[in-house]
1. So, in segment 9-43, exactly how many residues are assigned to a loop (DSSP other than H, G, I, E, B) and closer than 15 Å to Phe202 by Cβ?
2. Please go through segment 1-42 and give me each residue that is loosely packed, with under 12 Cβ neighbours inside 10 Å, farther than 26 Å from Thr147 by Cβ and either in contact with a helix residue (DSSP H, G or I) (Cβ under 8 Å, 6 or more places away or on another chain) or not hydroxyl-bearing (Ser, Thr, Tyr) (or both), ordered by number.
3. Could you please give the count of residues in segment 86-107 that are in contact (Cβ under 8 Å) with a residue 60 or more places away in the chain and either assigned to a strand (DSSP E or B) or exposed (fewer than 14 other Cβ atoms within 10 Å of the Cβ) (or both)?
4. Which of the residues spanning segment 50-64 are crowded, with 18+ Cβ neighbours inside 10 Å and assigned to a helix (DSSP H, G or I)?
Amino acid sequence: MADQPRFRRIDSTNIGDHYHLTPDDVCYFLFEYTAQKKYDYSATNNLISNLKKKPGSSSFAELRYKAGAIQKCAEYISSAVNRDNLLAWTIVPIPPSKQKSDPAYDDRLLRVCKLISAPAPLDIRELVIQAQSTVAAHEAAAGQRPTVDELLAIYSIDEPIAQPPPKSILLIDDVLTAGTHYRAIHTVLSRRFPGVPIHAMFIARRVFPPDAATTGFPVSL
């Protein structure tokens, strides 16, 4: 993992790995997370593994690792962007798999956003809310992951915080896999705020190891 990472844009060389994305989508990533490998495979795998530790079922020590990963992700983002430019964006963390009333709700992305360093307070809003919990994508077996349409059925805009309307929206997520959640969130926000630019930043994008199977999807990210 680089000491001073820089965001790279998803382009024609890798968009095929994320089949819900289109050439019109503006998505950036910092690192590459290797699917079907454990936390000790790479520094990125270790970072993401710690970031995704469950709030309600992890030990105190594990939650310390989680907090450290949240801090690192915020530092990586802060060092890889023009912080002055961030002030022009409404920053929206992509919702986790569990709704806020669920004991397993994980606010890791909101915490990352709040720790991003900027010259003035950032406009951070959880604009999209989720009506029910779903199975986490990285824990679901093939065929159990929610589809774009299923997510659209449970996503809505949190209207009390929708004003003032954002002039541009920056989505923040941890791992880009197929792009299912991104596509659903993008669709909901585009319908509510037509014409508003929407970009996305991911801590990592999923890649497959050289020995990975060529068909189907891995059980884990």
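1. We begin by selecting, within segment 9-43, every residue assigned to a loop (DSSP other than H, G, I, E, B); these are 10-14, 18-25, 35-38, 42.
Next, from what is left, pick out any that are closer than 15 Å to Phe202 by Cβ: 10-11, 14, 18, 20-21, 25, 35.
Total satisfying the criteria: 8.
2. Ala2, Asp3, Gln4, Arg6, Lys38, Asp40
3. Taking segment 86-107 and keeping what is in contact (Cβ under 8 Å) with a residue 60 or more places away in the chain, we get 86, 88-95.
Add one more test, that the residue is either assigned to a strand (DSSP E or B) or exposed (fewer than 14 other Cβ atoms within 10 Å of the Cβ) (or both), and what stays is 88, 90-93.
Total satisfying the criteria: 5.
4. Selection gives Asn50, Leu51.
No value in this document is a laboratory result; all are computed from the given coordinates. It should be emphasised that the depicted structure is a prediction, and the values quoted were computed from it without experimental measurement. FYI the Cβ positions are ideal-geometry reconstructions off the backbone, even for glycines, and counts take in every protein chain you see.
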